Amino acid sequence: MRSHSSQNPKSDRTQISNDKIKKIQDNPPMTTTLVKPSQFLPEGICIKHINNLMLFKFTDKLGERMQELLDKNKLNTLTPEEAIELEAIGELDDIFSYINAAVATQDHAHS
């Protein structure tokens, strides 16, 4: 003969759900703010004529901001938001470095 437990399965599920809610409240998931590199496009990027090439460059304002963030990074004083901003600016720098290199290579091949 089976003995009947005094606990009911629905009550167990409710307790598990309550435990999960309590765990989430005590340890909320880390929220990450995404900074899209494209947000810097209109004001942060310009096209300059350099050595007969039209190349993408950071404006002085964005270049100075990147340097400020790099300096803070060296000192380990970046806030999490600044670290995300620096990562986005760095990604944009990588993209435009690649495009500029491709433009220069193509121009050199046609010279």
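Here, each number is a calculation from the coordinates, and none is a lab measurement. The structure displayed is predicted, hence computed values, not measured ones. Neighbour counts run over all protein chains shown; Cβ positions are idealised from the backbone, glycine included.
Amide H contacts under 5 Å for I45: T59, restricted to partners 5 or more places along the chain or on a different chain, H placed in the peptide plane at 1.01 Å from N. One Cα centroid belongs to segment 95-111, the other to segment 46-83; the line between them spans 21 Å. Per-residue packing, averaged as other Cβ atoms within 10 Å, sorts the ranges 37-50, 56-69 into the order 56-69, 37-50, beginning with the highest.
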